[in-house]
Amino acid sequence: MDNKNVMPEAENAAKSLNFIQQIIEEDLKNGKNDSRVHTRFPPEPNGYLHIGHAKSICLNFGLARQYSGKCNLRFDDTNPVKEDTEYVESIMEDVRWLGFQWEGEPRYTSDYFDQLYEWAVKLIKDGKAYVDDQPAEVISEQKKTPTEPGIESPYRNRSVEENLDLFERMKNGEFGNGEKVLRAKIDMSSPNMHMRDPLMYRILHQDHHRTGNKWCIYPMYDYAHGESDYLEGITHSVCTLEFEVHRPLYNWFVEQLTDTEYRPRQIEFARLNLSYTVMSKRKLLELVKNNYVNGWDDPRMPTISGLRRRGYTPESIHMFAEKIGVAKRDNVIDVSLLEFCVREELNKKAPRVFGVVDPVKVIIDNYPDDQVEYMEIENNQEDSDAGTRKVPFSKELYIERDDFMEDAPKKFFRMSIDREVRFKGAYIIKCVGVEKDAKGEITLIHCTYDADTRSGSGSEASNRKVKGTLHWVSAKHALDAEVRMYDRLFMDEDPAGHKDKDFKDFLNPDSLQVVTAKVEPSLSDAKVGDQFQFQRIGYFCVDPDTTEDKLVFNRTVTLKDSWTKSQKK
RNA sequence: UGUCCCAUGGUGUAAUGGUAACACACCUGAUUUUGGUUCAGGCAUUCAAGGUUCGAAUCCUUGUGGGACAACCA
């Protein structure tokens, strides 16, 4: 075969495989499980999904897509104490928003409670499971520590008949919470703690969000998970690293209960850690419950719903997941990579508009009092199809307070007394003086304009180069908009890493600032969820969840700004 | 003083016994009616010591460092 003929594809194929893809391709080659690929995303519905889950979602659904396989969505709902349908709803919404479709209906571990119960009975009959009457503390004590072997429970060698009877009575609700448990009979001296007769069932007199009061015994994760994978025909059960030590147990249950060729295979990868970001569901719940943020979808939250509301796009999250890769070593990804991915995408898609977030008024002394000119401005220089729009220009305008400095250094390219700047799409303007209030705050900037310099007029003067270009909004045409400037929630690079300190000590007091901005009139047509670049300021979206009858913008991400960066040094 | 896992620039990820590369970050410079974008360039890497080999980031041994496991959580 002539290699030269396949060069175009070779370029794509050149991408290296991550270690999971290598395992899958090996399995495919060996014809394992009929060379099927079937993955699953199995969240517990006890909280909202966050960017770390997004990595797992992109991985699992992505693998299925890549290998023409399937991917299930399964709610791992074995602990009714913590779970709720609110979370089920939000999880489905988030997965869909990310652009993935699960195979068939959503699955629930609770769908398998009957089968799991039968299998537990089988294990008892095989002498591989027993009912233990001891309280939690005693069982825990007997397990000992990782460095010393555990000791066996006095109930370990009960007869099969007694175990069967007791287990059935557990199911029938004859015992209270914690009075009895079902344990697998494996090896109390195993060096792996998870093999020291792990619990299979505990008694919880608690309504379940799906099965109601049908059950008062609930299976534990270790028992339920592998079996659920088995029942769904999962081939590759991808999970995070902390389950690595559970794998022998996962395999043990599958091997005890089934005798087919088919075997699901657990593969572990390193979970995502993001700098300046807390990812633990427990801590996020704490932020929500104690009103440090306004709910799970607060744009400062690392939740998928928070990112969505902040203006992140599914595509940008896919790009991020692609770039961070998959491996087994602990990692901390810099948030700047995530921000890069949003900017990268929004730069191509988001129309540029003029919005002044911290306005200061400018008056052009030599401009006719009642004149209004409509300046034609490009919507997006990155996209020639984006077209242009008309923006009104008049004698009184607003500019950004940061864009003026009275005693400016030479390197300051914006407005200063006696210096010229271009008002983007309009004229070259020269500052001639300022007015201040009693506190010395600038209240008005006086300018003159050069009428020959109108942009696009073709005149020689209109092509004159000046160092700075400012965006502006006509005062009498401006719309008021509420702008929510979100910043990072935590100031410390690794707020979760300080084990002796409360992570909330690192909360940023300025993580949300709400201001009234002056924006150009074309934004009266803006629709919920629309995204814009406020030229020179950052990317903003119209708050997707706004219920108010006014324009509300959420800041998605700031633009890179080499001037303010150099000033901070 | 147990079992398991991991170790490549500042941060991530490749290279699968044959020239250590890509992205982010950072730093120059050019272009720019956004101090954005784009473009060009720069900085910087195999935990250590032995061994196998013509050749080791890769295989072996030992050590060091980090992580997971002792929930009736998942």
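The values are calculated or read from the model by the stated rules, or taken from the named source; none is laboratory data. Predicted model only: the values in this text are computed from it and were never measured. Glycine gets a Cβ as well: all are built from the backbone with ideal geometry, and neighbour counts include every protein chain shown.
Of all residues being more than 9 Å from RNA strand B (Cβ to nearest atom), among the hydroxyl-bearing types (Ser, Thr, Tyr) and over 28 Å from A:Lys171 (Cα atoms) in region A:208-246, which is farthest from the chain's Cα centre (by Cα)? Just the residue, please. Checked region A:208-246; the qualifying residue farthest from the chain's Cα centre (by Cα) is A:Thr235.
Restricting region A:20-47 to residues that are polar (S, T, N, Q) and surrounded by fewer than 16 Cβ atoms within 10 Å (Cβ to Cβ), the residue that is nearest to the chain's Cα centre (by Cα) is A:Gln22.
Comparison of A:Val254, A:Val293, A:Val245 shows that the only residue that is at pLDDT 95 or above, over 30 Å from A:Ser68 (Cβ atoms) and outside any loop (DSSP other than H, G, I, E, B) is A:Val245.
The rows are residues; the columns are (1) part of a loop (DSSP other than H, G, I, E, B); (2) within 10 Å of RNA strand B (Cβ to nearest atom); (3) under 18 Å from A:Val356 (Cα atoms).
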| site | (1), (2), (3) |
| --- | --- |
| A:Ile445 | no, no, yes |
| A:Thr448 | no, no, no |
| A:Gly456 | yes, yes, no |
| A:Asp480 | no, no, yes |
| A:Val515 | no, no, yes |
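So, of the residues in region A:463-505 that are touching a strand residue (DSSP E or B) at 6+ places or on another chain (Cβ under 7 Å) and among the charged types (D, E, K, R), which turns out to be farthest from A:Arg555 (Cα to Cα)? Of everything passing the filter in region A:463-505, A:Arg464 is farthest from A:Arg555 (Cα to Cα).
Per-residue answers, yes or no, for (1) under 19 Å from A:Ala270 (Cβ atoms); (2) in contact with a His (Cβ under 9 Å, 6 or more places away or on another chain); (3) part of a helix (DSSP H, G or I); (4) modelled with pLDDT under 95:
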{"residue": "A:Val6", "(1), (2), (3), (4)": "no, no, yes, yes"}
{"residue": "A:Glu9", "(1), (2), (3), (4)": "no, no, yes, yes"}
{"residue": "A:Asn12", "(1), (2), (3), (4)": "no, no, yes, yes"}
{"residue": "A:Ser16", "(1), (2), (3), (4)": "yes, no, no, yes"}
{"residue": "A:Ile20", "(1), (2), (3), (4)": "yes, yes, yes, no"}
{"residue": "A:Ile24", "(1), (2), (3), (4)": "yes, yes, yes, no"}
{"residue": "A:Thr39", "(1), (2), (3), (4)": "yes, yes, no, no"}
{"residue": "A:Gly47", "(1), (2), (3), (4)": "no, no, no, no"}
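A single entry from A:Lys323, A:Lys328 fulfils the requirement of being in contact with a helix residue (DSSP H, G or I) (Cβ under 7 Å, 6 or more places away or on another chain), without any contact (Cβ under 8 Å) to a residue 24 or more places away in the chain and under 22 Å from A:Thr39 (Cα atoms): A:Lys323.
Considering A:Tyr221, A:Tyr250, A:Tyr276, the condition of being among the hydroxyl-bearing types (Ser, Thr, Tyr), closer than 17 Å to A:Met195 by Cβ, surrounded by fewer than 22 Cβ atoms within 10 Å (Cβ to Cβ) and touching a residue at least 12 places away in the same chain (Cβ under 8 Å) is satisfied by A:Tyr221 alone. For region A:135-158, what are the residues that are near RNA strand B (Cβ under 6 Å from one of its atoms) and either more than 13 Å from A:Met188 (Cα to Cα) or acidic (Asp, Glu) (or both)? Matches in region A:135-158: A:Pro135, A:Ala136. When A:Ile417 is tested against (1) out of contact with any Cys (no Cβ under 7 Å at 6 or more places or on another chain); (2) farther than 30 Å from A:Val514 by Cβ; (3) free of Cβ contacts under 8 Å to residues at least 40 places away in the same chain, only condition (1) is not met. When region A:19-57 is filtered for residues that are within 30 Å of A:Pro299 (Cβ to Cβ) and among the β-branched types (Val, Ile, Thr), the ones remaining, listed by number, are A:Ile51, A:Ile57.
Residues that are over 18 Å from A:Ser511 (Cα atoms) and assigned to a helix (DSSP H, G or I) within region A:307-337 comprise A:Pro314, A:Glu315, A:Ser316, A:Ile317, A:His318, A:Met319, A:Phe320, A:Ala321, A:Glu322, A:Lys323, A:Ile324, A:Leu337, listed in sequence order. Condition check for A:Leu470 on (1) more than 12 Å from RNA strand B (Cβ to nearest atom); (2) surrounded by 14 or more Cβ atoms within 10 Å (Cβ to Cβ); (3) aliphatic (A, V, I, L, M): one failure, at (1). Taking the criterion of being farther than 16 Å from A:Cys58 by Cβ and surrounded by fewer than 17 Cβ atoms within 10 Å (Cβ to Cβ), the residues of region A:294-334 that qualify are A:Asn294, A:Gly295, A:Lys328, A:Arg329, A:Asp330, A:Val332, A:Asp334.
Taken over region A:520-530, residues that are more than 21 Å from A:Lys390 (Cβ to Cβ) and not small (Gly, Ala, Ser) amount to 1. Taking the criterion of being more than 8 Å from RNA strand B (Cβ to nearest atom) and under 40 Å from the mean Cα position of the chain (by Cα), the only residue of region A:409-430 that qualifies is A:Met415.
Scanning region A:338-361 for residues that are farther than 12 Å from A:Phe320 by Cβ, part of a helix (DSSP H, G or I) and more than 9 Å from RNA strand B (Cβ to nearest atom) yields A:Leu346, A:Lys349. Take the residues of region A:491-521 that are in contact with a Lys or Arg (Cβ under 9 Å, 6 or more places away or on another chain) and surrounded by 19 or more Cβ atoms within 10 Å (Cβ to Cβ): which is nearest to A:Ser275 (Cα to Cα)? Per the stated criteria, the residue is A:Pro495.
Filter region A:157-181 for residues that are touching a Phe, Trp or Tyr at 6+ places or on another chain (Cβ under 8 Å), surrounded by 15 or more Cβ atoms within 10 Å (Cβ to Cβ) and part of a loop (DSSP other than H, G, I, E, B) and give the result. Residue satisfying the conditions is A:Arg158 alone. Any residue that is of a type in the set (A, V, I, L, M), touching a Ser or Thr at 6+ places or on another chain (Cβ under 6 Å), part of a loop (DSSP other than H, G, I, E, B) and near RNA strand B (Cβ under 8 Å from one of its atoms) - is there at least one of those in region A:263-279? Checked region A:263-279: no residue is of a type in the set (A, V, I, L, M), touching a Ser or Thr at 6+ places or on another chain (Cβ under 6 Å), part of a loop (DSSP other than H, G, I, E, B) and near RNA strand B (Cβ under 8 Å from one of its atoms). Residues that are in a loop (DSSP other than H, G, I, E, B) and within 13 Å of RNA strand B (Cβ to nearest atom) within region A:123-134 comprise A:Asp133, A:Gln134, listed in sequence order.
Exactly one residue among A:Arg247, A:Arg271, A:Arg352 is touching a strand residue (DSSP E or B) at 6+ places or on another chain (Cβ under 6 Å) and within 30 Å of A:Asp385 (Cα to Cα), and that residue is A:Arg352. Remark: A:Tyr117 falls outside the filter, which requires a residue to be more than 9 Å from RNA strand B (Cβ to nearest atom), touching a strand residue (DSSP E or B) at 6+ places or on another chain (Cβ under 7 Å) and modelled with pLDDT of 95 or more.
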